Amino acid sequence: MMSQSLFANGEDALHALCLHFNVQKTIPGYFSPADMPETLDFPVLHDSRMPTHVLALYPPYHNKYTSTRPFIAPVDADLYNQCFRVDLIPPPPPGSTRPVPHSTSQGLYVSIPLVLPLTTVPHPPSMSLLLLFALGLETNINDLAYCMLPVSVVDEFPNAAAMAQVMVSLSEEEFERRFQFNMGLWKNVLGLGVTNNRVIEVVRLAFNITAEARRLRNRQLNE
């Protein structure tokens, strides 16, 4: 599936994902997984392709009775089922139709069904980025690499040892942030059964580089 890139200009992943589905990025309120609404309303940017569902994403260790703000991600069920092996979206009931925008006093809105029961994934914060590339909405695989690794690290490709060595020099705060994100993204790839081999290889490489850089940093601390 070929789409115009909406990510190359530095948009955050969720914003770009919403743009591909012609809805405005919406930050949900706080609610517990036990009392989630059946739908979420999104302002419509263009009356074109709409998402069929919204994923409200929680980590595996969530407490279903504690109010929190989930990570949300609009998706197309058919496209998701083509690109992931693990089912997150149940089949629609007989006779159901795709969401259609409707006019309100605030403008055009669309009510998108929330996938219920709640959705747990290994690492909710990286799911928007994974969906962008695994669904084929964004196809420049280099953009995925630059989201996971600094430019100075990617510039050393394909020398994996040099890439890891450059990454060692990051500040503790930036390195830890990237390590947690890259590890979480890799866990999502494995846990959800991504079918796009190019995405799998880039995420695997980026995580392996990050893991090797952590090993080198720990060795330096122990010397």
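The values are calculated or read from the model by the stated rules, or taken from the named source; none is laboratory data. Every value quoted in this text rests on a predicted model; they were computed, and no experiment measured them. Note that each Cβ is placed from the backbone with ideal geometry, even for glycine, and that neighbours are counted across all protein chains shown.
Tell me, yes or no, whether the range 35-43 has at least one residue that is modelled with pLDDT of 80 or more, aliphatic (A, V, I, L, M) and part of a loop (DSSP other than H, G, I, E, B).
No; the residues of the range 35-43 include none that is modelled with pLDDT of 80 or more, aliphatic (A, V, I, L, M) and part of a loop (DSSP other than H, G, I, E, B).
Any idea which residue in the range 92-129 is nearest to residue 37 (Cα to Cα), counting only those that are touching a Leu at 6+ places or on another chain (Cβ under 6 Å) and part of a helix (DSSP H, G or I)?
Ranking the candidates gives 124 first.
Of the residues in the range 46-71, how many are within 21 Å of the chain's Cα centre (by Cα), free of Cβ contacts under 8 Å to residues at least 60 places away in the same chain and farther than 15 Å from residue 119 by Cβ?
Residues in the range 46-71 being within 21 Å of the chain's Cα centre (by Cα), free of Cβ contacts under 8 Å to residues at least 60 places away in the same chain and farther than 15 Å from residue 119 by Cβ: 1 in total.
From (1) within 17 Å of residue 142 (Cα to Cα); (2) within 16 Å of the chain's Cα centre (by Cα), pick out the condition that doesn't hold for residue 205.
Status for residue 205: all satisfied but (2).
When only residues in the range 192-223 that are part of a helix (DSSP H, G or I) and small (Gly, Ala, Ser) count, which is nearest to residue 80 (Cα to Cα)?
Per the criteria, the residue is 206.
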